[in-house]
Amino acid sequence: MKDHVAGKRSPVTCALKCANACLGETCNSSANATFRDIASAALSRRALLGGGAAGALAIAVAGTAGAPSAEAATAAGPLPARPTAPGGSPLEFTTIQPVEHTADEFTVPEGFRWQPVIKWGDKLFSDAPDFDWEDQSAEAQRLQFGYNNDYTEIQEIPHTSGRRAVMFVNHEYTNENIMLPPGTDPEVAARIGMEAHGLSVVELERENADSPYEYVVDADLNRRFVADTRYDFTGPAAGSELLRTADSRRGRHTRGTFGNCSGGLTPWGTLLSGEENFNGYFRTAADSAENKRYGMGAEPTVRGWEDVDPRFDTTNEGYENSAHHFGWIVEVDPWDPESTPRKHTAMGRFKHEGANIIIAEDRHAVAYMGDDEKFDYLYKFVSRKKYVEGNTRHNMQLLEDGDLYVARFSGNSGPMDGSGEVPADGSFDGTGTWIPLVVDGESRVEGMDVDEVLVRTRLAADTVSPTKMDRCEDVQPSLTSRKVYVACTNNDGRGTEGKEGPDEVNPRTVNRDGHVVEIDELGNQSGASFAWNLLLVCGDPEQNDATYFSGFPTEKVSPISCPDNLAFDSVGNLWISTDGAPSTIGFNDGLFRVTLDGKQRGRVEQFASVPVDAETCGPIVHDQDRTAFVSVQHPGEDGSYEKQTSYWPEFAGTGPKPAVVQILPSTVSFSDVDPETAEYQAIVWSAQHGIIPGREDGTFRPQGTVGRRAMATFLYRLAGKPEVTPPRNEPFGDVEKGDAGYRAIIWAQREGIVRGYGDGTFRPAQKVTREEAAVMLYRYAGSPAYPSPTKPPYPDVEPGARNATEIAWLKARGIATTWEDGTFRPTVALTRASAASFLYRTDAVQHVAFREG
């Protein structure tokens, strides 16, 4: 892993997604007190609700219940030999191995397959043009699926027997460098980029629960939320002077939503979306305390939207408050395409990752929210009105008015040394308090009115000494246990010069890998105090000095870094998608399941891995259908239009497309493969094992020919995709790092399976003949000793012919296939069907191992 860059994201991602937040000064330079390590009892809410005195005493000592000590957890025992799902979930799988960070592939467990549901540029309406890389426009993008899909939610449409659904998706940001041809007019690029942001609502359909979803063009619920879509403000700050602009003179509405990251499904069926890195879209006046605190400044922005739309430059007359229109929680009704989405000011303004709701025991709606920036805070909102089951109109008012709190944590174990080592008492744990900012419609922050607290929430929170966290991203309450989980992605500034040091809830200096906090509200969910512990201190146990998996043996977990989005399956298992693992532990980001209860608590199992440069977003787990969904964001982020680093998912030689992907069990069938054909079993096997996958259109193309790059890739997959360290000097003049199949070609060249040509080229697209395939398989097996044939192994292969030995070996091992006339036809181009047969017989039938000799 020599080329790994510890603790840093792609510079492209940093510039476009969060406006280089990490490179500038820390936004939160407030002098409020940092985390206090105060030993205190942590009494579980469930103990108070009837756990008994003995149980209460035990929990008071340990923090929140369920986290065994490091010593006690070694009794967890060996993992079972066959995959079994925790909690009785039907979604059983064999954990995949981590995938090297240069791999441009989507990886799932054996017995599963993946398929894009929808991709950037897919048209939602029939009057939209088909996507054309060379002919894009803002007008077309308004009718097409947006870019960089993030939070995703899918709800079944009632009375359709599970065959139709409505999907909601955030489009967080754009990367015009790989989207648009060089020379695109800057104004055109800016306007295309604007329209590629926003939100999408799309109807889906499928044949049955075992079939993949497909999107429906012109469906009744289809909708794009674009740059000029109207949004109404709700809550105490609506109409405030702080929201009034030339376009909204009463401060009660705005246009557009940008930087939408995660979100949440409300109990009444609407969707919430968090406006996160909005600061990167605005040029502002000379730095003020507010601008600095929100990461805005006078420098031109990366995208230059201020040059085409006056609202993105707050120095323009009438637009001084335009940045105040962003940084909110947005609520959308996906069931009404004519509805006006709303921005809820009662929930505060900051870099909202998202918001997730649980109904408290007293029927108030409680929303948990993270401010995704280093050293910023965790928030809670409690509605003033109570939830009424079945009354959607009433419930859609719950987020318009309520109380806003920010979290302060305290620990049980004394000062932390920053190593991340488990404290002497066996766990990271403690208690905490929700500090009020707004209660009963009144400000609890001295010197600030309610509207100012809600518009300048970061500044208000600074005054009440909350705990500075390591980037609180997704915050998810479990509907099974009612505990709340906080993904703290990372913070490489923790403990560095001039920055806050470690504490028990953020226990590592230069925290490159992140951690997950588990919160247990004390008493009512809407109450003011809580107990907490750390579920995970993330990383790769083979690379990191200190990781923690709630005491579960570190040698039995999948390495995981930079937890980002969270979800739960039907039985309450936690699922984590990651963002940043390639630059920390050297593996592509992925989707992971975490067991929360019993002896297996803390067990991390990797279920999926996304392509090169990509982030895993928007996880949805429908485990009863044995299926899951993820949004693959920014694949190939580090490329350029002329030199892409990814071609996923189309691999059409153009460029990458962010996409929503469904993972489902393999029920392999191809529209162009007859089950009665001789190669059928081999084709199914090769597809199921991910060696020769089918095409996106449901075909296999059995008579398609195989190029040298493809054959190297097939053999590389057959060998288990060994780790490949890029060479100092490239062996071929026409194969470069980042090219499709690069790792496979380098691996095959090093293993002596393939060679180049005299001119120094590899010629990756050149067709492979059947005799060349025989040679590659012979070398794959380690060039075993085999006598040169004295008789023709086939009528058209003479004993002294070139490659006769390799062909004879292939026949003797029972790998070769022949034509009806008994010939081998060595110079005929290898087809995909024949390649599947060769590889199937090599591995599954004859069990020829890699380099068996």
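The values are calculated or read from the model by the stated rules, or taken from the named source; none is laboratory data. All values derive from a computational prediction rather than experimental measurement. When we count neighbours, we look across all protein chains shown, and the Cβ atoms used for this are built from the backbone with ideal geometry, even at glycine.
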>> Quick check on region 524-533. Is at least one of its residues out of contact with any Gly (no Cβ under 7 Å at 6 or more places or on another chain), in contact (Cβ under 8 Å) with a residue 24 or more places away in the chain, crowded, with 24+ Cβ neighbours inside 10 Å and not small (Gly, Ala, Ser)?
In response: no
> When you scan region 306-323, how many residues do you find that are in contact with a strand residue (DSSP E or B) (Cβ under 9 Å, 6 or more places away or on another chain) and buried (at least 19 other Cβ atoms within 10 Å of the Cβ)?
Replying inline: 7
> Identify, please: which residue in region 226-254 is β-branched (Val, Ile, Thr) and either out of contact with any strand residue (DSSP E or B) (no Cβ under 6 Å at 6 or more places or on another chain) or surrounded by 23 or more Cβ atoms within 10 Å (Cβ to Cβ) (or both) and is, among those, farthest from Val630 (Cα to Cα)?
Replying inline: Thr245
> Name the pairs whose Cβ atoms lie under 7 Å apart, with the first residue in region 827-853 and outside any helix (DSSP H, G or I), the second among the aromatic types (Phe, Trp, Tyr), and 6 or more positions between them or separate chains?
Replying inline: Phe850/Tyr780
> Given the conditions (1) at pLDDT below 95; (2) closer than 28 Å to Leu199 by Cβ; (3) outside any loop (DSSP other than H, G, I, E, B), which single one is not true for Ser577?
Replying inline: (1)
> Would it be correct to say that Thr392 is within 28 Å of Pro619 (Cα to Cα) and either more than 33 Å from the chain's Cα centre (by Cα) or surrounded by fewer than 20 Cβ atoms within 10 Å (Cβ to Cβ) (or both)?
Replying inline: yes
> From the list Val735, Val673, Val754, Val660, which one is of a type in the set (A, V, I, L, M, F, W, C), at pLDDT 90 or above and in contact with a strand residue (DSSP E or B) (Cβ under 9 Å, 6 or more places away or on another chain)?
Replying inline: Val660
> Applying the selection to region 454-479, what residues are of a type in the set (A, V, I, L, M), under 19 Å from Gly274 (Cβ atoms) and in contact with a strand residue (DSSP E or B) (Cβ under 8 Å, 6 or more places away or on another chain)?
Replying inline: Leu454, Ala460, Ala461, Met469, Val475
> Any residue at all in region 464-485 that is surrounded by fewer than 20 Cβ atoms within 10 Å (Cβ to Cβ), at pLDDT 95 or above, over 28 Å from the mean Cα position of the chain (by Cα) and not small (Gly, Ala, Ser)?
Replying inline: yes
> Counting only residues that are surrounded by 24 or more Cβ atoms within 10 Å (Cβ to Cβ), over 16 Å from Asp440 (Cβ atoms) and of a type in the set (A, V, I, L, M, F, W, C), how many does region 367-385 have?
Replying inline: 3
> Counting residues that are in contact with a helix residue (DSSP H, G or I) (Cβ under 7 Å, 6 or more places away or on another chain), which strands (runs of 3 or more DSSP E) fully inside region 269-351 reach at least 1?
Replying inline: 329-332, 342-344
>> Only one of Ser640, Ser558, Ser609, Ser583 is in contact (Cβ under 8 Å) with a residue 60 or more places away in the chain and more than 21 Å from the chain's Cα centre (by Cα). Can you tell me which?
In response: Ser640
>> If Ser413 meets every condition in (1) at pLDDT 95 or above; (2) of a type outside the set (A, V, I, L, M, F, W, C); (3) more than 28 Å from the chain's Cα centre (by Cα) apart from one, which number is that one?
In response: (1)
> Among the candidates Thr284, Thr257, which residue alone is under 16 Å from Arg349 (Cα atoms), surrounded by 19 or more Cβ atoms within 10 Å (Cβ to Cβ) and under 33 Å from the mean Cα position of the chain (by Cα)?
Replying inline: Thr257
> What are the pairs, 6+ residues apart or on separate chains, where a residue within region 416-430 that is of a type in the set (Ser, Thr, Tyr) has its Cβ under 6 Å from a residue that is modelled with pLDDT under 95 and in a loop (DSSP other than H, G, I, E, B)?
Replying inline: Ser419/Ala546; Ser427/Ala67
> Which of the following residues is within 15 Å of Ile753 (Cβ to Cβ), surrounded by fewer than 20 Cβ atoms within 10 Å (Cβ to Cβ) and at pLDDT 95 or above: Arg851, Arg779?
Replying inline: Arg779
>> Filter region 668-709 down to the residues that are surrounded by 22 or more Cβ atoms within 10 Å (Cβ to Cβ), under 29 Å from the mean Cα position of the chain (by Cα) and aliphatic (A, V, I, L, M) and list them by number.
In response: Ile692
> Looking at (1) touching a residue at least 12 places away in the same chain (Cβ under 8 Å); (2) part of a loop (DSSP other than H, G, I, E, B); (3) under 21 Å from His634 (Cα atoms), which is the only condition Val169 fails?
Replying inline: (2)
> Out of region 559-590, which residues are farther than 20 Å from Tyr151 by Cα, of a type outside the set (A, V, I, L, M, F, W, C) and in contact with a Pro (Cβ under 7 Å, 6 or more places away or on another chain)?
Replying inline: Pro559
